[in-house]
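A quick write-up on the structure given underneath.
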Amino acid sequence: MTDPFVGTWNLNVEKSAFDANHRPTAGTMVFELDSEGCYLMKAEGRDAQGRKVEERPQRFEPDGQPRPVPGLPGLSAVATRPEPNKLQCEARREDGSIVGQGTYEVSADGRSLTAATAGFDTQLRRFEVRTVWDRA
């Protein structure tokens with residue numbers, strides 16, 4: 001059986017709800033699965049001004065164990081897969097405070113993915129977004 005997350009997803013701007021400081025006009029997200037059962041998620045798109053934006057690639061090992069976040073000292077990430085079509089992730093500081101979290105859920109028919117994410121951007125502004133992605 002094919003993993004429901006693996007593949008390319010295109011942002012559905014009309015169905016998504018964005019934060020005032022985060023209003024992309026286009027986006028593509030790719031989920032890959034490695035031989036260890038870990039997900040690699042890459043995302044890129046266009047911001048409100050039409051500039052290309054690339055997110056830092058993220059690796060999710062959905063076993064519930066904290067893992068250091070590469071390139072971000074003092075942060076650890078935990079990923080779980082509570083249901084076959086759902087991934088939950090969060091990043092925490094050493095003091096346990098949450099700096100980012102996300103839930104990714106693939107629809108029953110496998111055609112769309114909804115991501116509810118929250119955290120702090122590179123300018124330390126709090127954000128919350130709910131994005132809908134269509135399978136490419």
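The values are calculated or read from the model by the stated rules, or taken from the named source; none is laboratory data. Worth saying up front: this structure is predicted, and the values here are computed from it rather than measured. In this analysis, Cβ positions are derived from the backbone assuming ideal geometry, glycine residues included, and neighbour counts consider all displayed protein chains.
Confirm whether LEU75 is under 25 Å from PRO24 (Cα atoms) and surrounded by 14 or more Cβ atoms within 10 Å (Cβ to Cβ).
Numbers: under 25 Å from PRO24 (Cα atoms): no; surrounded by 14 or more Cβ atoms within 10 Å (Cβ to Cβ): yes.
So LEU75 fails the test.
For residues that are of a type in the set (Val, Ile, Thr) and closer than 17 Å to GLU55 by Cβ, tally how many sit in segment 69-113. Give the derivation first.
Filtering segment 69-113 for residues of a type in the set (Val, Ile, Thr) gives 69, 78, 80, 98-99, 103, 106.
Subset that is closer than 17 Å to GLU55 by Cβ: 69, 99, 103.
Number satisfying all stated conditions: 3.
Tally up the residues in segment 1-42 that are more than 18 Å from ARG56 (Cβ to Cβ), free of Cβ contacts under 8 Å to residues at least 60 places away in the same chain and part of a loop (DSSP other than H, G, I, E, B), please.
Qualifying residue count for the region: 10.
Go through segment 97-110 and give me each residue that's without any contact (Cβ under 8 Å) to a residue 60 or more places away in the chain and in a strand (DSSP E or B). Before the answer, list the steps.
Just the residues of segment 97-110 that are without any contact (Cβ under 8 Å) to a residue 60 or more places away in the chain, to begin with: 97-103, 105, 107-109.
Those that are without any contact (Cβ under 8 Å) to a residue 60 or more places away in the chain and in a strand (DSSP E or B): ILE98, VAL99, GLY100, GLN101, GLY102, THR103, GLU105.
Can you list residue pairs whose Cβ atoms sit under 7 Å apart, with the first residue in segment 43-58 being closer than 13 Å to THR25 by Cα and in a strand (DSSP E or B) and the second being among the charged types (D, E, K, R) and modelled with pLDDT under 95? Count only pairs 6 or more apart in sequence or on different chains.
Final answer for the pair search is GLU44/GLU54; GLU44/GLU55; VAL53/ASP47.
Please enumerate the residues belonging to segment 67-96 that are among the acidic types (Asp, Glu) and not in a strand (DSSP E or B).
If the condition is that a residue be among the acidic types (Asp, Glu) and not in a strand (DSSP E or B), then GLU94, ASP95 are the ones that fit.
Yes or no: segment 1-15 includes at least one residue that is more than 20 Å from GLU128 (Cα to Cα), within 14 Å of the chain's Cα centre (by Cα) and modelled with pLDDT under 95.
Within segment 1-15, not a single residue is more than 20 Å from GLU128 (Cα to Cα), within 14 Å of the chain's Cα centre (by Cα) and modelled with pLDDT under 95.
So how many residues does segment 116-136 have that are more than 19 Å from TRP9 (Cβ to Cβ), in contact with a strand residue (DSSP E or B) (Cβ under 7 Å, 6 or more places away or on another chain), exposed (fewer than 13 other Cβ atoms within 10 Å of the Cβ) and in contact (Cβ under 8 Å) with a residue 60 or more places away in the chain?
Summing the residues that are more than 19 Å from TRP9 (Cβ to Cβ), in contact with a strand residue (DSSP E or B) (Cβ under 7 Å, 6 or more places away or on another chain), exposed (fewer than 13 other Cβ atoms within 10 Å of the Cβ) and in contact (Cβ under 8 Å) with a residue 60 or more places away in the chain in segment 116-136 gives 1.
Would you confirm whether any residue within segment 109-130 is polar (S, T, N, Q), at pLDDT 95 or above, more than 23 Å from SER76 (Cα to Cα) and in contact with a Pro (Cβ under 9 Å, 6 or more places away or on another chain)?
no
Return yes or no: is LEU113 under 13 Å from the mean Cα position of the chain (by Cα) and either surrounded by 14 or more Cβ atoms within 10 Å (Cβ to Cβ) or without any contact (Cβ under 8 Å) to a residue 60 or more places away in the chain (or both)? Full working, then the answer.
On the way: under 13 Å from the mean Cα position of the chain (by Cα): yes; either surrounded by 14 or more Cβ atoms within 10 Å (Cβ to Cβ) or without any contact (Cβ under 8 Å) to a residue 60 or more places away in the chain (or both): yes.
So LEU113 fits the description; yes.
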